[in-house]
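Structure, as structure tokens:
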Amino acid sequence: MNTHQTEIKVRYGETDQMGVVYHGNYAQYLEIGRLEWLDAIGVNYKEMESNDVMLPVISMNLKYIKSAIYGDIITVSTTLLKPPMASIEFTYKIHNSSGELLTTAYTKLAFINMKSNFPMRCPQYILDELQI
């Protein structure tokens, strides 16, 4: 599975007084999309951490095209960019319920061994779930 779609309802607390989503909240939307993508392929992030693997974000780029507003149902499309090695890369498209493109984004996360705090290769069980 390369792409997964996640719907999120924009809450009042995520917006400014004009009802526009504060730009910093988009990072949370990307994280929700990423975690749902992992769940969809059968990988639970909490279990991954219990196996001493974490995935900190090492790079993130966003392009804001149009504002999301309070009450919107936005769809975060999360796509695996290429097979993971020591890092994993995703692209994202966020649309509103009218189908308008609001934001495009990219993230790169590193696989880190929590005991040594050093980079590591993508665990084989994740590659197995991706059928790579």
Could you list which residues have their amide H under 5 Å from that of residue 15, counting only those 5 or more apart in sequence or on another chain, with H placed in the peptide plane? 22
With axes computed from alpha carbons, what is the tilt in degrees of helix 26-41 against the longest principal axis of the chain, rounded to the nearest 10 within 0 to 90? 50
Given the DSSP H assignment, sum -39500 (n - 2.57) over each helix run of at least 4 residues in the chain and divide by its residue total; what's the result at 222 nm in deg cm²/dmol, nearest 500? -6500 deg cm²/dmol
Between the modelled labels at residue 18 and residue 61 (7 Å from Cα along Cα→Cβ) the distance in nm is 2.6
Out of the chymotrypsin sites (Phe, Trp or Tyr not before Pro) in region 1-69, which ones are loop residues according to DSSP with at most 12 other C-beta atoms within 10 Å? 22
Simple SL model, points at 7 angstrom along Cα→Cβ for residue 106 and residue 121; separation in nm is 2.6
Run the count for the chain, please: Lys pairs, Cα-Cα under 21 angstrom, 8 or more apart or on different chains. 12
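Bear in mind these aren't lab numbers, they're just calculated from the coordinates by the rules spelled out. Owing to the predicted nature of the structure, the values given are computational and were not obtained by experimental measurement. Ideal geometry is used to build each Cβ from the backbone, glycine not excepted, and the neighbour counts take in all protein chains shown.
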